[in-house]
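First comes the structure, then the notes that go with it.
Just so you know, all these numbers are worked out from the coordinates, no wet-lab data involved. A quick note: this is a predicted structure, and the numbers were derived from the prediction, not measured. Don't worry about glycine lacking a Cβ; one is built from the backbone with ideal geometry, like all the others, and counts go over all protein chains shown.
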């Protein structure tokens, strides 16, 4: 019994160190889990998914979502303006469900600009030519390779890179 306790304590320490190392791996930019909340805001889903996948709120920190939502009139070269009430409702949903592990002082406007995204989509693993395929089109098209991305599932075992 004494040895079992020591083994369990040792495993707990190793697990804690692993979590700490994982969250530091991306210079404080880490989406954490889960990236999709249990309760979905229908206005967010309706408005954001009208043009692109409604990106799970846990992919970015609150500061990023605030910046994105405050510039909807120039949303990546598109006017995605909403009423003030809609903007407030969606912003509140995104901020309340933001990344729970982001500790960096960064607030990227694009998920693809984050350190963790870049490390997971490293050019040594994914050729730059892959992003140009008609079936993928851009780094922002998560659904091309991650079929469960719209539900917050980015599990590496379910990736399929289309031709």
Exercise. Applying 1/(1 + (r/R0)^6) with R0 = 22 Å to the Cβ-Cβ distance of residue 156 and residue 110, what FRET efficiency is obtained, to the nearest 0.05?
Worked result: 0.55
Problem set entry | Spin-label zone in region 60-89 - amide nitrogen under 20 Å from a point set 7 Å from the Cα of residue 118 along the C-beta vector | 60-65, 68
Problem set entry | Separation between Cα centres of region 103-157 and region 57-92, rounded to whole Å | 20 Å
For this session: With a Förster radius of 41 Å, plug the Cβ-Cβ distance of residue 163 and residue 50 into 1/(1 + (r/R0)^6) and report the FRET value to the nearest 0.05.
Result: 0.90
Problem set entry | Rounded FRET efficiency, nearest 0.05, which uses the C-beta distance separating residue 132 from residue 100 and R0 of 35 Å | 0.55
For this session: Take residue 79, project a point 7 Å from its Cα along the Cβ direction, then tell me which residues of region 42-60 have their backbone nitrogen under 19 Å from it.
Result: 47-48, 50-52
